[in-house]
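I have placed the structure first, in the form of structure tokens, so that the comments after it can refer back to it.
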Amino acid sequence: MSDLFQFNGAKGTGWSQPDPMIKNAYDTIPSSLRRSNLPRWPRASEPELVRHYTWLSQRNFGIDTGFYPLGSCTMKHNPRLNERIVQLPGIDRIHPLQPDHQIQGLLSIYYEMQEMLEVCSGMDQVTLQPVAGAQGEFTAIRCIQEYHRSRGQENRNKVIVPDSAHGTNPASAAMCGYDIVEIPSASNGCLDLDALRAAVGDDTAAMMITNPSTLGIFEPEIAEAAEIVHNAGGQMYYDGANFNAILGKTDPGRMGFDAVHYNLHKTFSQPHGGGGPGSGPIGVKSHLADFLPAPIADRESIDGDGVTGDGYRYFWRDPSRTIGKVQQWHGNAGAVVRAWAFYRRYGYELERMSEHAVLNANYLRHRIMNPDSDTLNSIPVMPKDGAPAEIVKHEFTLNMTPLKETIGVTGKDVAKRLLDYGYMAPTLYFPQIVPECLMFEPTETESKDVLDKFAEDFLKILTEDPEIVKTAPHDTKVRRVDEVLAARSLVLRHPLNDE
Amino acid sequence: MSQVPSNLKYTAEHEWVRIEGNDAVIGITDFAQDALTDVVWVELPETGVSVSEMEACGSVESVKSVSEIYAPIAGEITEVNESLEDSPEQINEDPYGNGWIWRMTVSDASQLDDLMDAVAYSAQLGE
């Protein structure tokens, strides 16, 4: 284990602090607030530091090292062109406090990205400020809350979510002070309109839903659901986590939604995982636009002065009844620019991206669930489909209960065994409406060969000695961790000052 | 096959209710603890609080997921199993015994009739 704080070179190695600019600055701090010991900061030389981080990176697994079918997370290849664009000096050498006239380039990218997201989602106004999908959810629900208040409808205090929702949906609504009403799915895993009709009322503020659902199924009755919620006076919120399946084919505006978030890091590529860095812009219909966080990028026509070249002057504008800021500065600018580069590179071909994402998911599902007869005969027990759908969208679920019941192998055991074969495990135990769930999302960037090999390896695991699977992983740098101990005995800080 | 003791009442949310005099004791079923896997944290309700039927009163967190626990009936929480704070694994080891979660009064005895008996709950589990 390499620990940065174990480096303890000569004093002054690795870091130094300049003398304070104000004479006797130290004396101005009350003695009760001064620390008695110097902090034990690591003293690593540059090569030691480089080796430390290289060592860490070599123990990591990412989309650049192997297939990463983590459902709902859209771990696609990140085109390197994005990196070249984001490192242009006019983009990565600027400061958020620079005046508008000095950052016309970045502002024009922001404006164009807002417009492009409006087009692909059927919304009227986009803000790029939220830096994660969940923050986008919070922002949109806050805008909806202010909208209801502006109409004197403070009584609307409930947000409806289906039981297949991402956990962030109820969490975001609860953060805004709403009560959550969870409605059960129908037996086919889709929305139950009767349950929805029974749940809506004068107190309905909004419904939050992702489409395609977390089961990877397109909701066939989404327009009716929107009508039910709208007739009750509620707003429809679209969780854009699964946008990768429908981009260019249909859009949330057409389905009847009033607000939507996009995960730029998923749908439009940006290296992510382990919590970031992300970008979760939201788009809204015009009746919600005045409440968006400030500022958003705007432009006005100017006579060709040859300064910006496109005949517009770009500037930051605060919406008239803004909820305020949800993030310092202008969101995750690097992620916005990478996503813009991706969108501009593919343009209308993004429709083919969705087609390939859906094709890959259906192909992999078919390969796993329909092995040739020799393979099938060697497998003691097969998993079940997570949902009874003939065709899925960009992801699919498997129910591993038959294995658990007959040979004692759980979904988690199979997931851990996949690590030995050099894959990232699929999403485990989500959505919760599928027991012993494994959720696969291959994304559009994987070739048929990769999917064939993965299906072959997955089926091979099903033929293995259950003991090998139950004690996996065997070949990784860290074996199976004690999750119970880790959860019960949390260590949340480095024991730096305990020594 | 999970255990479904015949002397208890059950909810569709996989909770059990044991009537003791005028009180009801609440916990989660053997099926629920098995589906959750290792429980690592239990959020207990506060004593002295009145709750309505199907109100979320706490949660059980395992390495797999977090599940809310609902009040099967209306009443006042009179006692909580504080030993679960240090030893949440009792829910896995003894879901119908040491793994009990809270004790409450019964404000409307007719609500008990809405709960399932062991036969009906077993049928829901498909066992």
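A few points about this structure:
- Subtracting the Cα-Cα distance of residue A:174 and residue A:474 from their residue separation scaled by 0.36 nm leaves 103.9 nm.
- Shape parameters for segment A:1-132, alpha-carbon atoms, Rg then Dmax in Å: 23.1, 61
- Cα pair distances in segment B:17-109, grouped into 10 Å bins until the bin that holds the longest one, percent each: 18, 53, 26, 2
- Global geometry of segment A:200-334, whether rounded, prolate or oblate, following the gyration tensor of its Cα atoms and the 1.5 cut on a/c: prolate
- Accessible surface of chain A, 1.4 Å probe, proportion on carbon and sulfur as whole %: 52
- Once the Cβ-Cβ distance of residue B:22 and residue B:54 is raised to the sixth power relative to R0 = 22 Å, the FRET efficiency obtained is 0.55.
- Counting Cβ atoms of other protein chains within 10 Å of each Cβ in B:39-50 and taking the mean gives 1.
- Near residue A:239, the amide H atoms lying under 5 Å from its own belong to A:209, A:210, A:211; only residues 5 or more places off or on other chains count, and H is placed 1.01 Å from N.
- Between residue B:108 and residue A:457, the simple spin-label model (points 7 angstrom out along Cα→Cβ) gives 5.7 nm.
- Alpha-carbon centroids, segment A:398-420 and segment A:51-128: separation in whole Å: 36
- Summed over the residues of segment A:66-175 and divided among them, the accessible surface reaches 40 Å² per residue at a probe radius of 1.4 Å.
- Cα-based shape type of chain A, given that a ≥ b ≥ c are square roots of the gyration tensor eigenvalues and the cut on a/c is 1.5: oblate
- Size of the B/A contact, given as accessible area buried on both chains, probe 1.4 Å, in Å²: 800
- Shielded by partner chains, segment A:419-434 residues - at least 30 Å² of accessible area, 1.4 Å probe, vs chain alone: A:429, A:432
- Those residues of segment B:59-77 for which accessible area with every protein chain present is at least 40 Å² below the isolated value (1.4 Å probe): B:63, B:64
- Going by accessible surface with a 1.4 Å probe and the largest first, B:18, A:35, A:365, A:488 read A:35, A:488, B:18, A:365.
- Average Cα contact separation per residue, segment A:363-499, under 8 Å, 6 or more apart, as relative contact order %: 26
- Relative contact order [Cα under 8 Å, 6+ residues apart], chain A, whole percent: 18
- Residue-count net charge about residue A:258 - beta-carbon cut-off 14 Å; Lys, Arg +1, Asp, Glu -1: -3
- Each label was represented as a point 7 Å from its Cα along the Cα-to-Cβ direction; for residue A:149 and residue A:34 these points are 4.7 nm apart.
- Other-chain or far-sequence residues with amide H under 5 Å of residue B:39's (modelled H): B:92
- Accessible surface computed residue by residue for segment B:17-109, with neighbouring protein chains in place and a 1.4 Å probe, gives 43 Å² per residue.
- Ranked order, A:445, A:375 - accessible area, probe 1.4 Å, largest first: A:445, A:375
- Measuring nothing but how far apart in sequence close Cα pairs (under 8 Å, 6+ apart) lie, relative to its length, segment B:17-109 scores a relative contact order of 36 percent.
- Virtual spin-label span in nm between residue A:17 and residue A:41, 7 Å along Cα→Cβ: 0.7
- Difference of contour (0.36 nm per residue) and Cα-Cα distance, residue A:375 to residue A:316: 15.1 nm
- Amide H contacts under 5 Å for residue A:312, placed H, 5+ residues apart: A:302
- For segment B:17-109, carbon and sulfur atoms together expose 40% of the accessible surface, with a 1.4 angstrom probe and every protein chain in place.
- Checking the cross-link pairs A:416/A:448; A:404/A:448; A:384/A:460; A:266/A:393; B:9/B:64; A:266/A:325 against a 18 Å limit on the alpha carbon distance flags A:416/A:448; A:404/A:448; B:9/B:64; A:266/A:325 as lying beyond it.
- Reduction of at least 20 Å² in accessible surface, 1.4 Å probe, comparing all protein chains with the chain by itself, residues of segment A:447-494: A:483, A:484, A:487, A:488
The values are calculated or read from the model by the stated rules, or taken from the named source; none is laboratory data. All values reported here derive from a predicted model rather than from experimental measurement. Please note: Cβ atoms are built from the backbone with ideal geometry, for glycine as well, and neighbour counts cover all protein chains shown. Remember, those area values only see protein heavy atoms, side chains included, never the ligands or the DNA or RNA. Shrake-Rupley method; radii C 1.70, N 1.55, O 1.52, S 1.80 Å.
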